[in-house]
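A.B. asks: Okay, here's the structure, questions in a sec.
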Amino acid sequence: MSKPKNGTVAAPVLRHHTVTSADVAREAGVARSTVSRCLSGDSRISEATRDRVVATAERLGYQINKIARSMNTRKSDLIGLVTSGLSDPFRVEFLDHLIAAIQQAGFRPLVIDVSDPALMETSMLNLLQYQIAGIVVTSGSPPPAIGQHFLRRDVPVVLVNRAGLLEGADVINCDNIAGGQLAAEILLASGKRRLGFLNMRGGTYSGNARGEAFVAAIAPELASGAVSFTPLSCNSADYDGGFQAGLKFLGKENAPDAIFCGKDHIALGLMDAARFELGLKVPDDLAIVGFDDIVAAGQRAYRLTTIAQSPARLAALTIGRLKQRIAGEVIRDERLILPVELVRRETV
């Protein structure tokens, strides 16, 4: 034990083993349970005692054993995030905002990749081992039986831009119907007459909903013969899918002169195929509307007219609903709709 110059005896600093709450209790002169109450914010502890315990914990370098705490409480501060890779620009932007929102709310994200749908069931079940406090599904749709495993254990499940096929789960979608209608309105107003909707073959819940709303909005013009409509599909919901679809469909006689794409990423590939491979002028020869308003859509190379959904607002809605569920608040409406808006640029 060292003696400082002023003659006082310094408290020993524990260096050779992991500091425990018992060490903090002994140094602070309190019971071990008091340490736990102080560090968990228990209002019954006096301010003087809390200050002494916190100062002691900081001096000793004590870290709360969250694994042990989760075993005792059967809940951790982890939020499971189920996603499918990081190749989709909008998903990347959304996850960036969502992870930040989760951390600001006092939780920690635990991300699992379900790029292989066959592994979704196993991967989600593995999350139960971590005593997660909640789960957000941004890709795929969990089998109802798997989702019920979480709900029966009072673990809230939020599906984002997914089909609401899991009873008891919260569903947060952007307004796909309004988005499809806005795309139809601007393309009809442009004077184009050969309309098309381009999306990945088979589609996703969101993409299919957008396409259905688009077709419903142009139905009166279709019935009168004022316009024609061609459903188009690509092999993948990304830039290359849109590019290859452009080469396949735009070189034909009476090809669409106005196309609504289910995602911006598809629209950017379609646009480059039209401009650089087929020599078409956008928007003179071909008008294009996308959906999402990813960063690239606003860049000078594209200036894509699109339907915007805000990843920041979507993340705020998601973590807000999770916090309500984790706190045990009674919520009647399990569905939330994120408004969208038309962003006018240079492709219509």
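The values are calculated or read from the model by the stated rules, or taken from the named source; none is laboratory data. For clarity, every value in this text was computed on a predicted model and none was experimentally measured. Cβ placement follows ideal geometry from the backbone for every residue including glycine, while neighbour counts extend to all protein chains displayed. The area values use the complete protein model at the heavy-atom level, side chains included, leaving out ligands, DNA and RNA. Shrake-Rupley method; radii C 1.70, N 1.55, O 1.52, S 1.80 Å.
A.B. asks: Go through (1) farther than 25 Å from LEU317 by Cα; (2) crowded, with 19+ Cβ neighbours inside 10 Å one by one and return the number of the condition ARG194 breaks.
C.D. replies: Status for ARG194: all satisfied but (2).
A.B. asks: Search the range 31-50 for residues being open to solvent by 70 Å² or more (accessible area, probe 1.4 Å) and basic (Lys, Arg), and hand back the single one that is farthest from THR20 (Cα to Cα).
C.D. replies: Within the range 31-50, the match that is farthest from THR20 (Cα to Cα) is ARG44.
A.B. asks: So, one more: Which one is modelled with the lowest pLDDT among residues in the range 150-164 that are touching a Ser or Thr at 6+ places or on another chain (Cβ under 6 Å) and of a type outside the set (Val, Ile, Thr)?
C.D. replies: This residue is ALA163.
A.B. asks: Can you name every residue in the range 251-292 that is small (Gly, Ala, Ser) and more than 11 Å from PHE197 (Cα to Cα)?
C.D. replies: GLY251, ALA255, GLY269, ALA273, ALA274, GLY279, ALA287, listed by residue number.
Residues are listed down the side, and each one gets a yes or a no for (1) touching a Phe, Trp or Tyr at 6+ places or on another chain (Cβ under 6 Å); (2) open to solvent by less than 10 Å² (accessible area, probe 1.4 Å); (3) under 30 Å from VAL348 (Cβ atoms):
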site	(1), (2), (3)
ARG153	no, no, no
ASP170	no, yes, no
CYS174	no, yes, yes
ILE177	no, no, yes
ALA183	yes, yes, yes
LEU188	no, no, yes
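A.B. asks: Got a sec? Which strands (runs of 3 or more DSSP E) wholly within the range 270-348 have at least 3 residues that are closer than 30 Å to ASP77 by Cβ?
C.D. replies: Because the criterion is at least 3 residues that are closer than 30 Å to ASP77 by Cβ, the strands (runs of 3 or more DSSP E) in the range 270-348 that meet it are 335-338.
A.B. asks: Continuing with this model, one more query. Of all residues in the range 36-60, which are out of contact with any Lys or Arg (no Cβ under 8 Å at 6 or more places or on another chain), at pLDDT 80 or above and of a type outside the set (Val, Ile, Thr)?
C.D. replies: Those that are out of contact with any Lys or Arg (no Cβ under 8 Å at 6 or more places or on another chain), at pLDDT 80 or above and of a type outside the set (Val, Ile, Thr): SER46, GLU47, ALA48, ARG50, ASP51, ARG52, ALA55, ALA57, GLU58, ARG59, LEU60.
A.B. asks: Check the range 254-270 and report whether any residue there is basic (Lys, Arg) and open to solvent by 70 Å² or more (accessible area, probe 1.4 Å).
C.D. replies: No, that holds for no residue.
A.B. asks: Now for a separate question. How many residues, within the range 77-98, are assigned to a helix (DSSP H, G or I) and either in contact with a Phe, Trp or Tyr (Cβ under 6 Å, 6 or more places away or on another chain) or open to solvent by less than 50 Å² (accessible area, probe 1.4 Å) (or both)?
C.D. replies: So the answer is 6.
A.B. asks: Filtering the range 100-128 down to residues that are open to solvent by 50 Å² or more (accessible area, probe 1.4 Å) and of a type in the set (Val, Ile, Thr), which residue is farthest from LEU322 (Cα to Cα)?
C.D. replies: By that ranking, first place goes to THR122.
A.B. asks: Further question: Is there any pair linking a residue in the range 159-186 that is on the phi < 0 side of the Ramachandran plot to one that is modelled with pLDDT of 95 or more and assigned to a loop (DSSP other than H, G, I, E, B), with Cβ under 6 Å and at least six apart or on different chains, and which?
C.D. replies: Note: pairs meeting the criteria are CYS174/GLN309; CYS174/VAL340; ASP175/PRO339; ASP175/VAL340; ALA178/VAL340; GLY179/VAL340; ILE186/VAL348.
A.B. asks: Here are THR318, THR306: which of them is closer than 24 Å to SER206 by Cα, touching a Gly at 6+ places or on another chain (Cβ under 7 Å) and of a type in the set (Ser, Thr, Tyr)?
C.D. replies: Testing whether each residue is closer than 24 Å to SER206 by Cα, touching a Gly at 6+ places or on another chain (Cβ under 7 Å) and of a type in the set (Ser, Thr, Tyr) leaves just THR306.
A.B. asks: Which fully enclosed helices (runs of 4 or more DSSP H) of the range 125-237 have 1 or more residues being of a type in the set (Ser, Thr, Tyr)?
C.D. replies: Ranges flagged: 205-224.
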